[in-house]
Amino acid sequence: SSDRHGGSATALLRAARDEPCSVVLVTERPRASSAAAAERRAFGAFVATAWPRAAGEGRRWFGDARCCLFGIAPRVVVHAATRADEHYCLVSRQGIGFGGDVDGGHALSLSPDLSVGRCLPSRTYGDTSRLASGVDFVAERVQLW
């Protein structure tokens, strides 16, 4: 987890090394409003293939159509790959991204220090904008299983 192994994409890559598949689980820090704070959100990605050994200079997509995004709190939802493109997973110097286009945003993205992220609709996974409490979110914890 980010609190145990350090909050960075590099630490996540080290933890994922040589694993044939993994789950990235994000717990969102509750927003200040009392209604949003009561609705803690947890969501993430199932990565069906091994991760690259290091974040590349360029953008290199990996994964396959078995990858998916999901929400587990406040409700369970699965966003399977649509097969509209092959932009399943990406690790770059700009962080970690799941789905989306090379020129646009990602269905789920995390900053290089895993502290903030964004959820947007994408061709790869459909409309994932409701996984987090808003388009932009603050991550309380990021875990790799």
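Taking residues in the range 104-125 that are farther than 26 Å from Arg14 by Cβ, and partners anywhere that are among the acidic types (Asp, Glu) and part of a loop (DSSP other than H, G, I, E, B), the pairs with Cβ atoms closer than 7 Å and at least 6 places apart or on different chains are Pro121/Asp127; Arg123/Asp85; Arg123/Asp101.
For the range 108-128, taking the residues that are farther than 23 Å from Ala48 by Cβ and not in a strand (DSSP E or B), the one that is most open to solvent (accessible area, probe 1.4 Å) is identified as Asp113.
The set of residues in the range 30-54 that are at pLDDT 95 or above and either of a type in the set (A, V, I, L, M) or open to solvent by 40 Å² or more (accessible area, probe 1.4 Å) (or both) comprises Ala42, Ala45, Phe46, Val47, Ala48. Scoring Thr82 on the criteria (1) open to solvent by 50 Å² or more (accessible area, probe 1.4 Å); (2) more than 18 Å from Phe137 (Cα to Cα); (3) part of a loop (DSSP other than H, G, I, E, B); (4) at pLDDT below 95 leaves a single failure, condition (4). The residue list Leu25, Leu69 contains one member that is out of contact with any Lys or Arg (no Cβ under 9 Å at 6 or more places or on another chain) and at pLDDT 85 or above, which is Leu69.
Could you list all residues from the range 93-107 that are of a type in the set (Gly, Ala, Ser) and open to solvent by less than 10 Å² (accessible area, probe 1.4 Å)? Once the filter is applied, which keeps residues that are of a type in the set (Gly, Ala, Ser) and open to solvent by less than 10 Å² (accessible area, probe 1.4 Å), the range 93-107 yields Gly95, Gly97, Gly99, Gly100, Ala107. Applying the criterion of being part of a helix (DSSP H, G or I) and either over 17 Å from Val47 (Cβ atoms) or touching a Phe, Trp or Tyr at 6+ places or on another chain (Cβ under 7 Å) (or both) to the residues of the range 6-22, the residue that is modelled with the highest pLDDT is Ala16.
The values are calculated or read from the model by the stated rules, or taken from the named source; none is laboratory data. Source: prediction; values computed, not measured. Ideal geometry is used to build each Cβ from the backbone, glycine not excepted, and the neighbour counts take in all protein chains shown. The area values use the complete protein model at the heavy-atom level, side chains included, leaving out ligands, DNA and RNA. Shrake-Rupley method; radii C 1.70, N 1.55, O 1.52, S 1.80 Å.
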